[in-house]
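What follows is a single structure, written as structure tokens, with notes after it.
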Amino acid sequence: MPKQSFSALLLVLSFASCALAQESATPVTAVRAGKLIDVDAGRVLTNQTILIRGGKVDSLGDADKVAVPPGAKVIDLSKMTVLPGLIDCHTHLADGSQEANIDPVYQLKRRAAEVALESVPNARVFLESGFTTVRDVGVYRALNDVALRDAINAGYFPGPRMFVAGAYITISGGAGAMTGYAPDITLPWDLRYGEANSPWEVRQKVRQLVHDGADHIKVLSTGAVLTHGSNPNSTEFTPEELEASVDEAKHFGLRVEAHAHAAEGIKNAIRAGVASVEHATLIDEEGIALAKQHGTYLDMDIYDEECIQEVGTKEKRPADFLEHDRNLGEQHRQNFTKALRAGVKLSFGTDAGVCPYDRSARQFAFMVKYGMTPMQAIQSATHNAADLVGKSDLLGSIKPGKYADIVAVKSDPLADIHILEHVSFVMKEGTVYKNVQ
Ligand SMILES: [Zn+2]
């Protein structure tokens, strides 16, 4: 062997042994699970041990077959039901305190930094209620969500893993625009960042958002419930504008979600190729068939109508918002049942922020009431949600190679889904954030 290749071989060997030494030095955590919900297979396993190394699941299996390495930290959840960290595909964590969601005009009374800092508790509360990942789908002060995501990733404070939109892409005066102020007032840049009124303007916004750190793109295809001067029955972006958003996002490997209440706006978005339709409130038979055909997810927030009315009346939500909402609630839930029966892909999205941040898990019981099995409801917030965000290799189930995102509850959620409203244990990427057994 030439001298040079021999020393190259030595170098490779020393790297390999170094990597091995490093792996054995990485601390191991062993989680003992009394019951473990395998959401990919739709079954429940008993007496499992999960080994976690470097924030990821290393291996798992029957407790009597998995050897726990000496010195491993053991977490005993043997009396509990363990399931993957929950994923909410429709949140607004970065809009500041709950007050901001009662009336968006609140945003005009705060500086961007105040809104960002007020959002810190939202992130903590959301994580502690069992949601280890969110797809955050829009923010009034553009890019505050990017800042919140990055601060959580940097470890400044606890919060779920966030995939963020950066801003709303909306027509002027549309569902994602800041409205309700006098026309001679000029808004700061971050409150009008996402306004676009042609396919090329839409493309320009997508390009800017990609540059500014967005993980996905949010477009508003119809009017909204919680926007002044907006009509949820109206169509906003044209098919050309929606197609431009999907095509441009695709250039950068990003997916698009479309807010849509009215039937025509829902169909325009599905035909344009969005990954999911948010709300999908007034979806008709044709829309359901199109969603099935295109494999489009519907992200139907069927809990928050109740919450808008309850919290809204108490906290004096604007009368026009309550009227928009009252007319839609029951139709929304019936359409959820229709879509479910038709076999359309459904993900778990709550519009968190509209309801208080610790209440999102209440939607599970609504999904079961309107036709899902408890397993389907759990899959919508794990297996399906991971697929929608394009991260099935890392999220959505407890499997080797995926993040150690784990929650546990005191009783079997397949027998009583309400137990998910009282999560006892939360681990994100191998770190325990809550343990109140
Ligand atoms: Zn929303």
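The values are calculated or read from the model by the stated rules, or taken from the named source; none is laboratory data. This one's a predicted model, so the numbers in the text were calculated from it and none came from an experiment. No Cβ is skipped: glycine too gets one built from the backbone with ideal geometry, and neighbour counts run over all protein chains shown. To get the accessible areas, we keep the full protein, side chains included, count just its heavy atoms, and leave off ligands, DNA and RNA. Shrake-Rupley method; radii C 1.70, N 1.55, O 1.52, S 1.80 Å.
Accessible area per residue for the chain is 41 Å², calculated with a 1.4 Å probe on protein heavy atoms, without ligands, DNA or RNA. Loop-only chymotrypsin sites (Phe, Trp or Tyr not before Pro) in the range 389-437, please: DSSP not H, G, I, E or B, and at most 11 other Cβ atoms within 10 Å. For chymotrypsin sites (Phe, Trp or Tyr not before Pro) across the range 389-437 that sit outside H, G, I, E and B with at most 11 neighbouring Cβ atoms in 10 Å, the list is empty.
Only helices enter this figure: runs of n ≥ 4 DSSP H residues, each worth -39500 (n - 2.57), summed and divided by the residues of the chain, yield -10500 deg cm²/dmol at 222 nm to the nearest 500. How would the chain be classified by its alpha-carbon gyration tensor: rounded, prolate or oblate, with rounded meaning a/c under 1.5 and the a/b versus b/c comparison settling the rest? Note, shape of the chain comes out prolate.
Each residue of the range 129-145 was assigned a 3J(HN,Hα) from its phi angle through the Karplus expression (A = 6.51, B = -1.76, C = 1.60, θ = phi - 60°), giving 8, x, 9, 8, 9, 9, 9, 8, 10, x, 8, 6, 7, 3, 6, 4, 6 Hz with x at Gly and Pro.
With an a/c value of 1.5 or above and a/b not larger than b/c for the gyration tensor axes a ≥ b ≥ c computed over the alpha-carbon atoms, the range 173-243 is described as oblate.
For the pair N153 and V68, label points projected 7 Å from Cα toward Cβ lie 3.4 nm apart. Extension gain for W200-D247 works out to 15.8 nm (0.36 nm per residue, less the C-alpha to C-alpha distance). For the residue pairs K65/K434; K345/K434; K35/K399, the alpha carbons lie more than 25 Å apart in K65/K434; K345/K434. With the highest mean first, a sort of the peptides 346-359, 143-156, 41-54 on other beta-carbon atoms found within 10 angstrom per residue produces 346-359, 143-156, 41-54.
For the chain, with all protein chains in place and a probe radius of 1.4 Å, 53% of the accessible heavy-atom surface sits on carbon or sulfur.
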